[in-house]
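Right, one structure below, let's go through it.
The values are calculated or read from the model by the stated rules, or taken from the named source; none is laboratory data. Remember, predicted model here, so these are calculated numbers, not experimental data. Don't worry about glycine lacking a Cβ; one is built from the backbone with ideal geometry, like all the others, and counts go over all protein chains shown.
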């Protein structure tokens, strides 16, 4: 049977096609790694939810505000006089809130949970006005209550006392109506008909704890909120951003200011025609890009690492006439995939940057020594070590960037492709 000689160009094409298929197949185990990262991140969220439920959940605060009931007399269809109990709300004319927020990091197993304690001071004043269509004689003065909205009672660290009209009033759980807050506290306050039109001041201290988020609802004619904290990474969110803020490594300060002109209500409300939750604002104490988010971003660049490493092996084998078997490519690909599992597992115990360095050095050493064993010289091992170091270093820079990651990544990929094209310019792909 005649010996058929296959042209070198055909061999190169077939080998290149096989390598391209192997690159795509290597994305399958990286998908499993991505699922593993999601699973570990979900476990972390479960731990955070569990610890938060025992500490206190995110808090939303509103108030204080006055509940004023009155008797409404009307006539029914049969001409009988019907007396019903109705109510309206009086909001503060002025409200000033200052607060100091201290963070705590609790550890459960290998996971960390971010919690906070807040010491707030509220002061301001009410003007006791009543709607024109309500007879002051029908108001149930002894039933007036001062209310304070708070979303999680578990977070109250000490009794809440509001000094109102020169008297201390201790709040207890429960609201007379839920128009302005679903959950909260209230207490009866001393008012009578002689107080109509008067300005009555109030003040209170509130010590609460919660997890991650602290929001406020500005239920007042004019209000200002000033907060400071020792946590350096807040996310200001909600209906409005701070008018002033100052961030540093030691913490932050922020302030919000509202007035009657930019709020959809007055200080006397008979019908609450707005959703107070849409007015909520505040902050979330976030942990900057935890190890799971960074690991997930790293996996997204797996095709870059695997593709360029395989291409480099292919170019070197073409230049040195030492073919690399497809099984060897698979082993190299698995070594590159294991980098991500090393990164994930180590980063759960040490800072992400250190975990990245350990996983990178381990993978580069393994691939470089394998290249030395196959090609038989340290020069090839040095080439692979240098190229992989540049690639992993480039990816490390990308995952630390936020706004400019796309720009830097695009420029970097262009440079990498240019280098690959330049390095392969002398490869005789067709053979002679």
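Among the residues of segment 411-424, is there at least one that is under 22 Å from residue 26 (Cβ atoms), modelled with pLDDT of 80 or more and surrounded by fewer than 16 Cβ atoms within 10 Å (Cβ to Cβ)?
Taking every residue of segment 411-424 in turn, none turns out to be under 22 Å from residue 26 (Cβ atoms), modelled with pLDDT of 80 or more and surrounded by fewer than 16 Cβ atoms within 10 Å (Cβ to Cβ).
Identify, please: which residue in segment 309-322 is in contact with a helix residue (DSSP H, G or I) (Cβ under 9 Å, 6 or more places away or on another chain) and either assigned to a loop (DSSP other than H, G, I, E, B) or modelled with pLDDT of 80 or more (or both) and is, among those, farthest from residue 237 (Cα to Cα)?
Filtering segment 309-322 for residues in contact with a helix residue (DSSP H, G or I) (Cβ under 9 Å, 6 or more places away or on another chain) gives 309-318, 320, 322.
From what's left, either assigned to a loop (DSSP other than H, G, I, E, B) or modelled with pLDDT of 80 or more (or both): 309, 322.
Details: 309: 43, 322: 60 Å.
Ranking the candidates gives 322 first.
Is it the case that residue 68 is crowded, with 20+ Cβ neighbours inside 10 Å and either over 30 Å from the mean Cα position of the chain (by Cα) or more than 24 Å from residue 216 (Cα to Cα) (or both)? Before you say what the answer is, go through the steps one by one.
Working: crowded, with 20+ Cβ neighbours inside 10 Å: yes; either over 30 Å from the mean Cα position of the chain (by Cα) or more than 24 Å from residue 216 (Cα to Cα) (or both): yes.
The answer is yes for residue 68.
Only one of (1) modelled with pLDDT under 90; (2) outside any loop (DSSP other than H, G, I, E, B); (3) over 30 Å from residue 40 (Cβ atoms) fails for residue 257. Which number is that?
Condition (1) is where residue 257 drops out.
Please work out if residue 295 is surrounded by 14 or more Cβ atoms within 10 Å (Cβ to Cβ), at pLDDT 85 or above and within 17 Å of residue 363 (Cβ to Cβ). Write out each step before concluding.
Numbers: surrounded by 14 or more Cβ atoms within 10 Å (Cβ to Cβ): yes; at pLDDT 85 or above: yes; within 17 Å of residue 363 (Cβ to Cβ): yes.
Yes.
Could you give every pair whose Cβ atoms fall below 8 Å, whose first residue belongs to segment 335-359 and is not assigned by TED's automatic domain parsing to the domain that holds residue 306, and whose second residue is at pLDDT 85 or above and in a helix (DSSP H, G or I), counting only separations of at least 6 or pairs across chains?
Short answer, once both residue conditions are applied: none.
Take the residues in segment 366-405 that are over 22 Å from residue 300 (Cβ atoms) and free of Cβ contacts under 8 Å to residues at least 12 places away in the same chain; name whichever of them is surrounded by the fewest Cβ atoms within 10 Å (Cβ to Cβ). Reasoning before the result, please.
As a first pass, look at segment 366-405 and keep what is over 22 Å from residue 300 (Cβ atoms): 366, 368-386.
When the remaining residues are screened for being free of Cβ contacts under 8 Å to residues at least 12 places away in the same chain, the result is 372-373, 377-379, 386.
Numbers: 372: 17, 373: 10, 377: 12, 378: 12, 379: 12, 386: 12.
Going through the qualifying residues, I end up with 373.
Go through segment 352-403 and report how many residues are under 38 Å from the mean Cα position of the chain (by Cα), under 26 Å from residue 414 (Cβ atoms) and in a helix (DSSP H, G or I).
21
Are any of the residues in segment 276-283 in the same structural domain as residue 114 (by TED's automatic domain parsing), surrounded by fewer than 15 Cβ atoms within 10 Å (Cβ to Cβ) and free of Cβ contacts under 8 Å to residues at least 40 places away in the same chain? Give the derivation first.
As a first pass, look at segment 276-283 and keep what is in the same structural domain as residue 114 (by TED's automatic domain parsing): 276-283.
This time we only want the ones that are surrounded by fewer than 15 Cβ atoms within 10 Å (Cβ to Cβ), so: 277-278.
If we keep only those that are free of Cβ contacts under 8 Å to residues at least 40 places away in the same chain too, we end up with 278.
Yes: segment 276-283 contains one or more residues that are in the same structural domain as residue 114 (by TED's automatic domain parsing), surrounded by fewer than 15 Cβ atoms within 10 Å (Cβ to Cβ) and free of Cβ contacts under 8 Å to residues at least 40 places away in the same chain.
Do the conditions hold for residue 349, that is, is it under 30 Å from residue 48 (Cα atoms), buried (at least 16 other Cβ atoms within 10 Å of the Cβ) and under 26 Å from the mean Cα position of the chain (by Cα)?
Criteria not met by residue 349.
Here's a check for you: in segment 49-65, which residue that is modelled with pLDDT under 85 and surrounded by fewer than 20 Cβ atoms within 10 Å (Cβ to Cβ) is nearest to residue 190 (Cα to Cα)? Full working, then the answer.
Filtering segment 49-65 down to residues modelled with pLDDT under 85 leaves 49-55, 63.
Next cut, surrounded by fewer than 20 Cβ atoms within 10 Å (Cβ to Cβ) only: 49-51, 53-55.
Numbers: 49: 42, 50: 42, 51: 41, 53: 37, 54: 37, 55: 35 Å.
Only one residue tops the list, namely 55.
Exactly one condition in (1) touching a residue at least 24 places away in the same chain (Cβ under 8 Å); (2) crowded, with 16+ Cβ neighbours inside 10 Å; (3) outside any strand (DSSP E or B); (4) under 28 Å from the mean Cα position of the chain (by Cα) is false for residue 242; which is it?
If we test residue 242 against (1) touching a residue at least 24 places away in the same chain (Cβ under 8 Å); (2) crowded, with 16+ Cβ neighbours inside 10 Å; (3) outside any strand (DSSP E or B); (4) under 28 Å from the mean Cα position of the chain (by Cα), just (1) comes out false.
For segment 35-51, which residues satisfy the criterion of being touching a residue at least 60 places away in the same chain (Cβ under 8 Å) and under 20 Å from the mean Cα position of the chain (by Cα)?
The initial filter retains those residues of segment 35-51 that are touching a residue at least 60 places away in the same chain (Cβ under 8 Å), namely 36-38, 40-41, 43-44, 47-48, 51.
Of everything in segment 35-51, those that are touching a residue at least 60 places away in the same chain (Cβ under 8 Å) and under 20 Å from the mean Cα position of the chain (by Cα) turn out to be 37, 38, 40, 41, 43, 44, 47, 48, 51.
Can you go through 250, 273, 255 and tell me which one is more than 20 Å from residue 89 (Cβ to Cβ) and loosely packed, with under 13 Cβ neighbours inside 10 Å? Reasoning before the result, please.
Numbers: 273 fails: more than 20 Å from residue 89 (Cβ to Cβ); 255 fails: loosely packed, with under 13 Cβ neighbours inside 10 Å.
Testing whether each residue is more than 20 Å from residue 89 (Cβ to Cβ) and loosely packed, with under 13 Cβ neighbours inside 10 Å leaves just 250.
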